1. Would you pick out the residues in the range 72-90 that are of a type outside the set (Gly, Ala, Ser), within 21 Å of Ala105 (Cβ to Cβ) and surrounded by 21 or more Cβ atoms within 10 Å (Cβ to Cβ)?
2. Under 6 Å by Cβ, and 6 or more places apart or on different chains, what pairs join a residue from the range 17-46 that is on the phi < 0 side of the Ramachandran plot and buried (at least 16 other Cβ atoms within 10 Å of the Cβ) with one that is assigned to a loop (DSSP other than H, G, I, E, B) and at pLDDT below 95?
3. Return the only residue of Val55, Val30 being over 14 Å from Leu111 (Cα atoms) and either at pLDDT 95 or above or assigned to a strand (DSSP E or B) (or both).
4. Within the range 58-94, restricting attention to residues that are of a type in the set (A, V, I, L, M, F, W, C) and in a strand (DSSP E or B), which residue is farthest from Val112 (Cα to Cα)?
5. Looking at Ser2, Ser11, Ser36 in this structure, which one is at pLDDT 95 or above and either among the hydroxyl-bearing types (Ser, Thr, Tyr) or in contact with a Cys (Cβ under 6 Å, 6 or more places away or on another chain) (or both)?
Amino acid sequence: MSQMHAWMNGSDQQGRSAPAPSPGATAIRVVARDFSFSPPELDIPAGRTVNVTLVNEGDLFHDITIPALGFGLSASSDTSASGALTAPKPGRYEFFCSVPGHREAGMTGTLVVLP
């Protein structure tokens, strides 16, 4: 699946490839800094929708991408973006910032989907 990111088209606007937030779902906040995520590990229950909010406290554009689940959010510096995430089965999934060089600089984490 090809995914267009804001940095690919020269824009620094926030966006998402995730569904819109789901009313009433549990909220999870992920803070992006230059070059880390906080927390670096997220635990969610399998089959339940959670609303993930990416808060960019860094000076650079960042995103959070979970390729195995087709999930992505992006945000410019000092902005945030939110989207609904549902992981159908338990497991461990890597997430990372897909901006060139950011993943290699250590901007990665793990999503743990619990039974």
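The values are calculated or read from the model by the stated rules, or taken from the named source; none is laboratory data. Since the model is a prediction, treat every value here as computed from it, not as a measurement. Cβ: placed from backbone, ideal geometry, glycine included. Neighbour counts: every protein chain shown.
1. Once the filter is applied, which keeps residues that are of a type outside the set (Gly, Ala, Ser), within 21 Å of Ala105 (Cβ to Cβ) and surrounded by 21 or more Cβ atoms within 10 Å (Cβ to Cβ), the range 72-90 yields only Leu73.
2. Sorted first by the residue in the range 17-46, then by its partner, the pairs are Ser17/Gln3.
3. Details: Val30 fails: over 14 Å from Leu111 (Cα atoms).
After applying the criteria, what remains is Val55.
4. Only one residue tops the list, namely Ala75.
5. Every option except Ser36 fails the conditions.
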